[in-house]
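Single-structure report; data block below.
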Amino acid sequence: MPEPMPARPASGSAIGADVIVVGAGPGGSTAAAHLADRGLDVVLLEKATFPREKVCGDGLTPRAVKQLIRLGIDTSEEAGWVRNKGLRVYGGRTEPFELPWPELAEFPPYGLVRARAEFDKILADRAVSGGARLFERTNVTAPIIDPRTDRIVGVTSKDGRSFRAPVVIAADGNSARLALSMGLAKRTDRPMGVAVRAYFTSPRTHDDYMESWLELWDGKPGESNLLPGYGWVFGMGDGTVNVGLGTVGSSSEPAKLNYREMFGRWLANTPPEWGFRPENQVGPTLGAALPMSFNRQPAYTRGLLLVGDSGGMISPFNGEGISYAMEAAEMAADAIADAHFRGFGTPSAERALRGYPARLKAEWGGYFRLGQVFVSLIEHPQVMHLCTRYGLPRPTLMRFTMKLLAHLYDTRDGDWMDKVITTVAKMAPSA
C-alpha cells in the first residue's frame with residue numbers, strides 16, 4: 001500500500017474542519033486517528049516535518065503497546081519494532097534483578113522500542129490514512145476566540161493562515177502555548193521532572209530487557225556519592241542504545257542541577273565494554289522537562305481539550321508519558337465524537353465535552369496522587385537507597401512494586417496485588 005500523502009500547506013481563506021488538533025506527537029496523531037475513524041473531519045497541525053527527532057527514552061511499556069494495538073498498528077519485529085520481555089533493575093547490589101512483564105488480561109506481556117522519529121511518523125501516517133488532513137510546517141501562534149461566547153473557534157499560524165473548528169485539541173507538548181494563551185497556568189503543587197538522553201554505539205543494542213537504574217553513583221557503587229534520579233538503558237536493535245537520566249521533584253520547579261554533568265559522571269562509571277563513552281556517542285545529549293500529575297487544569301475549557309504533556313499527563317512514578325498521551329487522546333476523541341453527533345454548541349454537547357476531564361480523573365486521578373506521595377519520598381537519594389537495598393531482594397514485594405510503578409495491573413478480577421493497588425488508587429483523592 002502506498003504511503004499516505006500529507007495535506008499540502010494552504011493559504012488564503014480559513015481552512016475549516018470539525019476538529020483541529022495542534023501537535024502531531026503521540027497524543028495528537030492518536031487523537032486525529034480516532035476522530036477520523038469516528039467519521040469526523042480532522043485537521044492535524046505540526047510545526048516541523050516528518051521524520052523529526054524528539055527527546056525520549058524510546059521505550060514503550062505494555063501500557064503503550066496496548067494503544068498501538070487499538071489503532072491497528074503492526075507491532076511485530078518484522079515491522080521494525082524491537083520487542084522486550086521485561087524490566088532489568090539495578091539497585092541494592094551489583095547484580096541486577098530481572099522482572100518479566102506481568103501476565104494480565106488488560107495489557108500484552110511485552111514492551112517495544114522504536115526511535116521517536118520513526119514512531120511519531122508511524123502514528124501521523126496512521127492518522128492520515130484514516131482521513132485526517134496533516135499540515136506540516138505549521139507553527140500555531142494563537143487561538144481564535146469568538147468574542148460573543150469567549151470560546152476557541154480556531155487557531156492562526158506563524159505564516160498567517162487560519163484554521164477553524166468548533167473544538168480544538170492542544171497536543172503541543174510541554175510548552176503548552178495554546179493552553180497558556182487560553183489562561184491555563186501551570187500548577188505549582190505538582191511534580192516536575194527533567195530527563196536527558198544520548199545515543200551510543202554499543203554491543204548491548206539487542207538487549208531483550210528494558211533496563212532501569214534506581215541508584216546512580218558518581219564512582220564505585222557503595223563507596224561514592226549517590227546522584228539524584230534514575231537511569232535507563234534501552235537497546236535500539238540497530239547498533240545503538242538509548243541511555244538516559246531522569247530526576248523528579250515534588251515542586252513545579254526542578255532543582256537547580258547540572259543534568260548533563262550528572263549524566264556524564266554516571267556514564268563514566270558504567271562498564272567500559274558497554275561503550276557509554278564520548279567517543280561512541282551518536283548525536284548530541286538532549287534534555288526535556290516532564291510535567292506530571294495533571295499540572296495544568298482543567299483538561300477541557302471553552303472548546304479546548306488538553307492531551308498529553310500540555311495537560312501534565314506524565315506518571316510521577318516512572319516518567320512515562322506516551323501511553324497516557326495516547327489513552328487521553330482516545331478519551332478526548334470519544335467525548336468530541338459524542339458532542340459532534342449531539343450537535344456542537346448545544347448544552348448536551350457541552351456536557352459530553354465536560355465528561356472528558358471527569359473521565360481522566362476517574363481513570364488516573366488516584367494513581368497520580370499516590371505518585372505524588374512516592375515522589376516526595378524518593379526525591380531524596382538516601383531514601384531510594386534504603387528502598388532498593390531492603391525492598392528489591394524480596395521477590396513478592398518487587399513484583400508488587402513493578403506493577404505499581406509501571407501502572408500494569410488488572411482493575412477487574414486480578415490477583416491480590418492487582419486488587420490492593422486498584423483499591424488504594426480508588427481511595428486516594430484525585431490529583
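Would a scan of the stretch 32-40 turn up a residue that is assigned to a loop (DSSP other than H, G, I, E, B), closer than 20 Å to MET236 by Cβ and open to solvent by 10 Å² or more (accessible area, probe 1.4 Å)?
no
Of all residues being more than 22 Å from LEU405 (Cβ to Cβ) and either hydroxyl-bearing (Ser, Thr, Tyr) or part of a helix (DSSP H, G or I) (or both) in the stretch 52-76, which is most open to solvent (accessible area, probe 1.4 Å)? Just the residue, please.
The initial filter retains those residues of the stretch 52-76 that are more than 22 Å from LEU405 (Cβ to Cβ), namely 52-54, 69-76.
Remaining after also requiring either hydroxyl-bearing (Ser, Thr, Tyr) or part of a helix (DSSP H, G or I) (or both): 69-70, 75-76.
Working: ILE69: 85, ARG70: 130, THR75: 12, SER76: 24 Å².
Once the filter is applied, the top-ranked residue is ARG70.
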**OP:** Inspect the stretch 269-287 for any residue being at pLDDT below 95, open to solvent by less than 10 Å² (accessible area, probe 1.4 Å) and over 24 Å from the mean Cα position of the chain (by Cα) and give the result as yes or no.
**Re:** yes
Original post:
Quick check: anything in the stretch 188-210 over 30 Å from VAL241 (Cβ atoms) and open to solvent by 10 Å² or more (accessible area, probe 1.4 Å)?
Top reply: yes
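Results for (1) closer than 20 Å to GLY111 by Cβ; (2) in contact with a Cys (Cβ under 9 Å, 6 or more places away or on another chain); (3) in contact (Cβ under 8 Å) with a residue 24 or more places away in the chain, shown as yes or no for each residue.
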position: SER202; (1), (2), (3): yes, no, yes
position: TRP213; (1), (2), (3): yes, no, yes
position: TRP232; (1), (2), (3): yes, no, yes
position: ASN242; (1), (2), (3): yes, yes, yes
position: LYS256; (1), (2), (3): no, no, no
position: TYR259; (1), (2), (3): no, no, yes
position: GLY264; (1), (2), (3): no, no, no
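For the stretch 196-232, how many residues are under 24 Å from the mean Cα position of the chain (by Cα) and either of a type in the set (Gly, Ala, Ser) or under 19 Å from ALA289 (Cα atoms) (or both)?
Quick first cut of the stretch 196-232, residues under 24 Å from the mean Cα position of the chain (by Cα) only: 196-200, 205-216, 228-232.
Now narrow it down to the ones that are either of a type in the set (Gly, Ala, Ser) or under 19 Å from ALA289 (Cα atoms) (or both): 196-199, 212, 228-232.
Of the residues in the stretch 196-232, 10 are under 24 Å from the mean Cα position of the chain (by Cα) and either of a type in the set (Gly, Ala, Ser) or under 19 Å from ALA289 (Cα atoms) (or both).
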**OP:** Give the number of residues within the stretch 130-146 that are open to solvent by less than 50 Å² (accessible area, probe 1.4 Å), within 23 Å of ASP37 (Cβ to Cβ) and of a type outside the set (Val, Ile, Thr).
**Re:** 6
Subject >> ALA333 open to solvent by less than 40 Å² (accessible area, probe 1.4 Å), farther than 21 Å from VAL248 by Cβ and without any contact (Cβ under 8 Å) to a residue 24 or more places away in the chain >> reply: no
Subject >> Criterion: more than 30 Å from GLU215 (Cα to Cα) and of a type in the set (Gly, Ala, Ser) - qualifying residue of GLY80, GLY86, GLY57 >> reply: GLY80
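Among the residues of the stretch 67-110, count how many are over 15 Å from TYR409 (Cα atoms) and either within 19 Å of the chain's Cα centre (by Cα) or not basic (Lys, Arg) (or both). First the steps, then the outcome.
The first filter runs over the stretch 67-110 and keeps only residues over 15 Å from TYR409 (Cα atoms), leaving 67-85, 87-98.
Restricting the remaining residues to those that are either within 19 Å of the chain's Cα centre (by Cα) or not basic (Lys, Arg) (or both) gives 67-84, 87, 89-92, 94-98.
So the count comes out to 28.
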Original post:
Would it be correct to say that ARG164 is under 24 Å from LEU40 (Cβ atoms) and modelled with pLDDT of 95 or more?
Top reply: yes
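Given ARG164, ARG204, which one is within 30 Å of LEU306 (Cα to Cα) and among the charged types (D, E, K, R)?
Details: ARG204 fails: within 30 Å of LEU306 (Cα to Cα).
The match here is ARG164.
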Subject >> Those residues of the stretch 294-344 which are touching a Gly at 6+ places or on another chain (Cβ under 6 Å) and under 12 Å from ARG354 (Cα atoms), in sequence order >> reply: ALA299, ALA335
Original post:
Do you know which residues across the stretch 147-176 are open to solvent by 20 Å² or more (accessible area, probe 1.4 Å) and in contact with a strand residue (DSSP E or B) (Cβ under 8 Å, 6 or more places away or on another chain)?
Top reply: ARG151, VAL153, THR156, LYS158, SER162, ARG164, PRO166, ASP172, ASN174
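The values are calculated or read from the model by the stated rules, or taken from the named source; none is laboratory data. Since this is a predicted model, take the numbers as computed values, not measurements. Every residue, glycine among them, receives a Cβ derived from its backbone with ideal geometry; neighbour counts consider all protein chains shown. All accessible areas refer to the heavy atoms of the entire protein, side chains included, with ligands and DNA or RNA removed. Shrake-Rupley method; radii C 1.70, N 1.55, O 1.52, S 1.80 Å.
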